[in-house]
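Comments concern the structure below.
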Amino acid sequence: MWDHEIRAMASTHAILAASVFMATVLPAVFVPGFSVYGTHLLWLYSVSAAVTVVSVAVFWLLGVTPPTKKHTLGYKLSRLFRSCLYFFLSCLFFHTLVVLYGAPLIESALETFSLAVLLTSLTTLRCLCVLGPNIQAWIRVFSRHGAMSVWDTCLQITVACTVVGAWVGAFPIPLDWDRPWQVWPVSCSLGALFGFLTGLIAAPAWIHYHRKHLTYKCK
Amino acid sequence: MKGSPVLSLLLLCICSLYFVGLYLFMGGFLLVRLEVNRTSTCGDVLQPGQEPVDFCHTRPRFRRAVLIIIDALKIDFAQFDSSNLAPRPYENKLPVVEEITSSRPLHSRLYPFHADPPTTTMQRIKGFTTGSLPTFVDVGNNFASSAILEDNLIHQLGQIGKRVVFMGDDTWESLFPKKFYRCLPFPSFNVKDLHTVDNGILQNLYSTMTGNDWDVLVAHFLGVDHCGHRFGPDHPAMADKLTQMDGVIRSVIDRLQNDTLLVVMGDHGMTDTGDHGGESLKETDAALFLYSPVPLFPGPPSQDEPDIVPQTDLVPSLALLLGIPIPYSSVGQVLLPLFPPHDQAEVAPTGPSQLEALWINAKQVNRFLETYSSMAKDIPPPRLSQLKAEFARLSSEYLATVGAGRSPSPQLTASMQAYLTSVRETCRATWARFNPLKMAAGLVILAFACLMCYVLSELSFVLIRENARRLKAPAVVALAVGVCVAVGQLLTHGYIEVAWCLAAAALSAELLFFWSVYRTRTVHVAKNGSKPPKWTNWLTRRRLLIPPILVAFLRCASLLSDSYVIAEGRVVTFLLLSLVVYTPVHLNWDGLLLPPSYDPLKSAGLLPSPALSPSFVRKESSTLLACVGLLVGSLYLSLSFHGCREEQGYCQPSPFLTPLSRLQDSQMKNLHYALSVVSLGVWTYLLRHCLRHYGNLNSSGGAVFTARWILPLLSTCLGLHWAVSATPEDSFRNLGEMIKLAQLLLPRAAFCLLALGLFLICLDPLTVFIKTRATASARNSSLPLPRYRASTGISPQAELHHLIPQIYQRMRRSLDDNEPSVGSEVDNRPAVEAYGLGTVYSAPLLLFCGLLTLGMLLLHPEGMALSFLLLLLEMGALLHIHASATTLRGLQSTYSGGFNVPWAPIVMWSLAATQFFHATGHLPTFPSIQWSAAFVGFPDGHTGTAVPASLVTLNTFASHILFAVSCPLLLFWPLVCEARGSRGGRAAGDEGEDAVMEMRLRENPQQFSSALLQLSTRYLFILGAQVFASVSAAAILRRHLMVWKVFAPKLIFEALGFVLSSVSVVIGVTLVLRVDVAVARWFKRLIPDSSR
Ligand SMILES: [Zn+2]
Ligand SMILES: [Zn+2]
């Protein structure tokens, strides 16, 4: 019954993964001296931008985003404005959280904020796309019986994977191996991205295998 | 309470099992040796009867010596095999050794040089300068610094006026501070740096040698060792390094003069991976190459050459060749081929002959043995007397030979050598060997003890119900086995080794316990047919794979990596923070954080119970979130109180760690003082406020007296003490005497107050104030009789059941309008009001911890008051999070009836203990111990060691002790916070369901004791798992580069922390049981009183 939706989800995720890949490869071709470790922040921004643009476009095209109640331009604009605001607030939230987790407060604030931007574009942006700027709904989605559609379940999985990935990414930092990827925030952003990619694969697969047990309340 | 003796006995048993495991492991891993603090002198008489010869004034064989230490120069590296056509990178790279030994056999020799474990550089340097067998813990009086205080070559050389020039590894500088004529140390810490030390030496070595202001030159090259650690021996870089060393040896030989001896040696070998530290042959066999431009040996290599030279033998040989006394605690024997035989002594240049050298050596060793055995008792007495008798025999024989002028028999030489060898072997067996059997036994016992804790925590209810019948057998058998082993040892060996008796007892107890658990399980299964009882599935995956356990596991795993141990403070904070953030996320996942939104269609028939009122849930959730915020904030702030390890080069220790008296800037000083005093005040206020809030400050018992008077007095004392100790010595010259007196008296007064307070709490822990309404009933005789009388005669239990809630209800109500309104309510309420009954258990515990904290704060630097305030806030936040989470969970699921404390708060509690160990400026390293704690109240020092040791221990493990003692609060707090709920929404409709808070525990004594048992065993399980991880780290990584620097100190701190924590857990539980006894007595007194 959900074959159609799962297929749509899988192709969306394929496009997203491809965009991450392109965001890594294309600048390497065009920008001299570009590398994931060396110009890490540049890479981070390129990935964030790619994921942002592609998710917004794809979810808008697919029509996953809940339909607006009013169709006036002013309402749409205010919605857009609120989304942008939430995006920015979420960056600040992640920044604070990362600092609380032990990132240096002043020294590498730019790096920390870049990581926050990446995390936001991998998690919050998706919430914005799927649920709209509605924090109540966001909180509701992350409960056991909170998912109301396949996309909600998918959202749960990808967000959890991304956050856990970033968390695990912090583990190698104290080790004394002196590798380039142990520099702040390389391992965390890589962890978050790997978590995200895992989530992209895991979500359709999990839904596919559990489709018999999944029941949703009316949307 | 039912089963309370069982409870305390059980906890004691578990603790002793852990202790036995730790004791065994430590006995096998940490070898302890006493340092003999005496030095040899030139006046050591050679032979009795003759005129005293000043040994140092005879002309020595060599005037100068060059000592080249190539770190980790394995014997394989130095040997040359011309038939090997395809050498590995480390083979045949030192051809100079072979060239010289074959071309000038009288001048040089290459020996395998056997190092004693632990084969770490620092221990080895100690070994080949003192001639002794250093262990990890050499108990001397220099625990804080690493300088060698034992007699050693460098000291003796300095005594006689030789100019010792040192260059190379900076370890030497810390071992021999100010002992060198000239010292050129280079940093040795960075293992990845292959060249700094070596190049530094090479820039200075040759110029120094050609110059004339040196007598002994020590050069310690580190490149080979670092190359091994970084690349392993089988790597081209090793070939380069060894070739470089070959060049060095050649150049040094070219510059040698005739009066100079050259010694090239490795301090230890390396394994195939390039590491060292252990006792395998590859690690212990280094190379020793001796050379001199004049003939050094009486003949070419012959049959009676030693196959292998123990490292200790270098010391007496060098000493006698250079004409200095052999260091006092050396146990080496002279290298005989270096000395002329007796008949050639006249031909040979100078210095003692073989027999003389042996005699001097034997006398020195015997003298050391006598001194050592009078200090320490670790050498087995039969062996000792045997050695002494042997020396007496040799001595008389030698004196007779010399006195008669006979030429000595070869047997005498041989038996002297045998004597020296046997002394060294005896010492080595005592000091320098890991005992793998003991280590393994310790590990097994610890692992089983952990498992036992887990099983007990799962079975607590069954055990308490059965009154622990099942546990008597293991205890009895354990005793029996222990005694049997002791008797067996006595019969076979003649003496008892306590460690093995304890091990046998502990192991048998544990195994029997598991067997009896297993058996009862099968019996239960058989009885109930196919349906196993509920607790049989306690090892299912789902119950173990929960995030709190995962976090605890990560914490244990982090103890296995040196980087994580170095960064432990941050690691623990990270994990604790993760778990704290996880709590609301998990609640939300279960849909419990937000008030459920009711679907009007669905729940039309069902009326939501009043407990689920959205406003109440919202209130609980916001409390929870606020506490999470508070906790996260205080965690973040607490990071700024950390100290720094020497490995963390970039780190700056917290400014709050410097005592006020050392601050120069007076404005800064005032600011710090004000901050500390304010936080102390806030701290005291918060504690008192909490007690007053729950009505525990009304009665007139001992505990209340403590809370009312001793607590504020203690903090005043503390504030004054800080002020006094911060005043600079010279500022108030006329008040100097008084300041001195105050520095002595204030802390002592505080100690006395603390002791008095703790004693009063234990003596009279009840904080309940009873107000009988006798006056009211006198005024209004129509008042109905108290309701509980109705149940008199049925059973006291039933009486209690009715009495308590009503008492408590009254109490709350009177508290609410802040004055007990006598007679204002004319209803059928009982005529007794009891203030503070709801927190009767937690109040004394809280007070106890509060006093203890103040006492420990006294031992810390003043700035730590802020950190202790954070500790209080964090404890409170943790308790409230736990309470709110429990309430939220309890609201929407059926009440389970037990008081189980889930894993998450317990893991958080244990993590917080470690976290505050770091946040009070402590680190698991010896240099970071805050020794100044020993002088609080004793500014002029101590006479004994017990008082300063306990003060320093209390200072170091303050947070472990506090968190462990207050552990039962985790059980009480959800009940204490129940009151909030009752006022909020729950009890609004139904008066019958009163908030009874901790009286709920009294109503279910069985569940109370089982919950207490479960809580303490769970806490002990988490602590035990940590200590087990630390022990395993030390066992597995015993040849790691960092073992003596990181893992062994960590193990000692972890073990000590565990011992103190477990004892504190027992103290906390005992206090709760004491309160329970007092409460029972109180009820007994109350009921006959009122019913009459
Ligand atoms: Zn070494
Ligand atoms: Zn080494």
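The values are calculated or read from the model by the stated rules, or taken from the named source; none is laboratory data. Note that the structure is a prediction, hence the values are computed from the model and not measured. Don't worry about glycine lacking a Cβ; one is built from the backbone with ideal geometry, like all the others, and counts go over all protein chains shown.
Just to be sure before I move on: is B:Phe616 more than 30 Å from B:Ile1036 (Cβ to Cβ), touching a Gly at 6+ places or on another chain (Cβ under 7 Å), more than 10 Å from every other protein chain (Cβ to nearest Cβ) and at pLDDT 85 or above in the structure I sent? I'd like the intermediate steps shown before the answer.
Working: more than 30 Å from B:Ile1036 (Cβ to Cβ): yes; touching a Gly at 6+ places or on another chain (Cβ under 7 Å): yes; more than 10 Å from every other protein chain (Cβ to nearest Cβ): yes; at pLDDT 85 or above: no.
Spelling it out, it is not the case that B:Phe616 is more than 30 Å from B:Ile1036 (Cβ to Cβ), touching a Gly at 6+ places or on another chain (Cβ under 7 Å), more than 10 Å from every other protein chain (Cβ to nearest Cβ) and at pLDDT 85 or above.
Would you call B:Asp246 touching a residue at least 60 places away in the same chain (Cβ under 8 Å) and either within 14 Å of chain A (Cβ to nearest Cβ) or away from ligand 2 (no atom under 16 Å from the Cβ) (or both)? Before you say what the answer is, go through the steps one by one.
Working: touching a residue at least 60 places away in the same chain (Cβ under 8 Å): yes; either within 14 Å of chain A (Cβ to nearest Cβ) or away from ligand 2 (no atom under 16 Å from the Cβ) (or both): yes.
For B:Asp246, the condition - touching a residue at least 60 places away in the same chain (Cβ under 8 Å) and either within 14 Å of chain A (Cβ to nearest Cβ) or away from ligand 2 (no atom under 16 Å from the Cβ) (or both) - is met.
Within the group B:Gln244, B:Gln203, B:Gln156, which residue is touching a Ser or Thr at 6+ places or on another chain (Cβ under 8 Å), part of a helix (DSSP H, G or I) and either closer than 30 Å to B:Arg38 by Cβ or more than 16 Å from ligand 1 (Cβ to nearest atom) (or both)?
Result: B:Gln156 is the single residue among B:Gln244, B:Gln203, B:Gln156 that is touching a Ser or Thr at 6+ places or on another chain (Cβ under 8 Å), part of a helix (DSSP H, G or I) and either closer than 30 Å to B:Arg38 by Cβ or more than 16 Å from ligand 1 (Cβ to nearest atom) (or both).
Kindly indicate whether any position in region A:79-101 is over 26 Å from A:Asp152 (Cα atoms) and buried (at least 20 other Cβ atoms within 10 Å of the Cβ). Break it down into steps so the answer makes sense when it comes.
Filtering region A:79-101 for residues over 26 Å from A:Asp152 (Cα atoms) gives A:96, A:99-101.
In the following step, the residues that additionally are buried (at least 20 other Cβ atoms within 10 Å of the Cβ) were identified as A:101.
Checking region A:79-101: at least one residue is over 26 Å from A:Asp152 (Cα atoms) and buried (at least 20 other Cβ atoms within 10 Å of the Cβ).
Which one of these is facing chain A (nearest Cβ under 8 Å) and either without any contact (Cβ under 8 Å) to a residue 40 or more places away in the chain or touching a Pro at 6+ places or on another chain (Cβ under 6 Å) (or both): B:Leu545, B:Leu594?
Details: B:Leu545 fails: facing chain A (nearest Cβ under 8 Å).
Going through B:Leu545, B:Leu594 in turn, the sole match is B:Leu594.
Quick one: which residue in B:Ala65, B:Ala72, B:Ala86 is farther than 24 Å from B:Asp254 by Cβ and either within 16 Å of ligand 1 (Cβ to nearest atom) or in a strand (DSSP E or B) (or both)? Walk me through it before giving the result.
Details: B:Ala65 fails: farther than 24 Å from B:Asp254 by Cβ; B:Ala86 fails: either within 16 Å of ligand 1 (Cβ to nearest atom) or in a strand (DSSP E or B) (or both).
Residue meeting the stated conditions: B:Ala72.
Can you run down the residue pairs with Cβ atoms below 6 Å, 6 or more apart or on separate chains, where the first is in region B:96-125 and farther than 20 Å from B:Glu305 by Cα and away from ligand 2 (no atom under 16 Å from the Cβ) and the partner is at pLDDT 90 or above and in a helix (DSSP H, G or I)?
B:Val96/B:Asp246; B:Val96/B:Ile249; B:Val96/B:Arg250
For the structure I just gave you, tell me whether B:Ala414 is modelled with pLDDT of 80 or more and surrounded by fewer than 21 Cβ atoms within 10 Å (Cβ to Cβ).
Working: modelled with pLDDT of 80 or more: yes; surrounded by fewer than 21 Cβ atoms within 10 Å (Cβ to Cβ): yes.
Here the answer is yes, as B:Ala414 does meet what is asked.
Does B:Gly702 qualify as being touching a helix residue (DSSP H, G or I) at 6+ places or on another chain (Cβ under 6 Å) and closer than 30 Å to B:Glu998 by Cβ? Let's see the steps before the verdict.
Values: touching a helix residue (DSSP H, G or I) at 6+ places or on another chain (Cβ under 6 Å): yes; closer than 30 Å to B:Glu998 by Cβ: yes.
When the stated conditions are applied, B:Gly702 passes them.
If B:Tyr454 meets every condition in (1) farther than 30 Å from B:Thr135 by Cβ; (2) more than 27 Å from the chain's Cα centre (by Cα) apart from one, which number is that one?
B:Tyr454 satisfies every listed condition except (2).
Taking region B:253-283 as the search range and keeping residues that are within 16 Å of ligand 2 (Cβ to nearest atom) and either of a type in the set (Val, Ile, Thr) or not in a loop (DSSP other than H, G, I, E, B) (or both), which one is farthest from B:Leu133 (Cα to Cα)?
Within region B:253-283, the match that is farthest from B:Leu133 (Cα to Cα) is B:Thr273.
Please work out which residue is surrounded by the fewest Cβ atoms within 10 Å (Cβ to Cβ), limiting yourself to region B:284-310 and to residues that are closer than 23 Å to B:Gln123 by Cα and more than 16 Å from ligand 2 (Cβ to nearest atom).
Of the residues in region B:284-310, the ones closer than 23 Å to B:Gln123 by Cα are B:284-290, B:308-310.
So of that shortlist, the ones also more than 16 Å from ligand 2 (Cβ to nearest atom) come out as B:288-290, B:308-310.
Values: B:Leu288: 24, B:Phe289: 24, B:Leu290: 25, B:Ile308: 13, B:Val309: 23, B:Pro310: 23.
The residue in question is B:Ile308.
What do you reckon, is A:Glu5 in contact (Cβ under 8 Å) with a residue 12 or more places away in the chain and of a type in the set (Asp, Glu)? Lay out the reasoning, then the answer.
Numbers: in contact (Cβ under 8 Å) with a residue 12 or more places away in the chain: yes; of a type in the set (Asp, Glu): yes.
Yes: the conditions hold for A:Glu5.
Residue-wise test of (1) farther than 30 Å from A:Trp181 by Cβ; (2) facing another protein chain (nearest Cβ under 10 Å); (3) part of a helix (DSSP H, G or I).
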site	(1), (2), (3)
A:Val130	yes, no, yes
A:Pro133	yes, no, no
A:Trp138	yes, no, yes
A:Ser143	yes, yes, no
A:Met148	yes, no, no
A:Cys154	no, no, yes
A:Thr158	no, no, yes
A:Val163	no, yes, yes
A:Ala166	no, no, yes
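Take the residues in region B:227-241 that are surrounded by 18 or more Cβ atoms within 10 Å (Cβ to Cβ) and under 15 Å from B:Asp76 (Cα atoms), then tell me which one is nearest to ligand 1 (Cβ to nearest atom).
The residue in question is B:Gly228.
What tally of residues in region B:215-226 results from selecting those that are within 12 Å of ligand 1 (Cβ to nearest atom) and of a type in the set (A, V, I, L, M, F, W, C)? Quick ask: steps written out before the conclusion?
Initial filter on region B:215-226 (within 12 Å of ligand 1 (Cβ to nearest atom)): B:220-226.
Then keep just the ones that are of a type in the set (A, V, I, L, M, F, W, C); that gives B:221-222, B:224.
Residues flagged as within 12 Å of ligand 1 (Cβ to nearest atom) and of a type in the set (A, V, I, L, M, F, W, C) within region B:215-226 amount to 3.
Per-residue answers, yes or no, for (1) at pLDDT below 90; (2) part of a loop (DSSP other than H, G, I, E, B); (3) out of contact with any helix residue (DSSP H, G or I) (no Cβ under 7 Å at 6 or more places or on another chain):
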| residue | (1), (2), (3) |
| --- | --- |
| B:Ser661 | yes, no, no |
| B:Tyr685 | no, no, yes |
| B:Arg688 | yes, no, no |
| B:Ser725 | yes, no, no |
| B:Asn734 | yes, yes, yes |
| B:Met738 | yes, no, yes |
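Is it true that B:Gln648 is exposed (fewer than 13 other Cβ atoms within 10 Å of the Cβ) and on the phi < 0 side of the Ramachandran plot?
When the stated conditions are applied, B:Gln648 does not pass them.
What residue, of B:Thr208, B:Thr284, B:Thr273, is more than 16 Å from ligand 1 (Cβ to nearest atom) and more than 14 Å from chain A (Cβ to nearest Cβ)? Before you say what the answer is, go through the steps one by one.
Values: B:Thr284 fails: more than 16 Å from ligand 1 (Cβ to nearest atom); B:Thr273 fails: more than 16 Å from ligand 1 (Cβ to nearest atom).
It is B:Thr208.
Do we find a residue being under 23 Å from B:Asp304 (Cβ atoms) and buried (at least 19 other Cβ atoms within 10 Å of the Cβ) anywhere in region B:423-435?
Scanning region B:423-435, I find at least one residue that is under 23 Å from B:Asp304 (Cβ atoms) and buried (at least 19 other Cβ atoms within 10 Å of the Cβ), so the answer is yes.
Just one of (1) under 17 Å from B:Ile14 (Cβ atoms); (2) among the small types (Gly, Ala, Ser); (3) assigned to a loop (DSSP other than H, G, I, E, B) trips up B:Gly494, so point out which.
(1)
Please go through region B:455-485 and give me each residue that is in contact with a Lys or Arg (Cβ under 8 Å, 6 or more places away or on another chain) and at pLDDT 80 or above, ordered by number.
Selection gives B:Ser457 alone.
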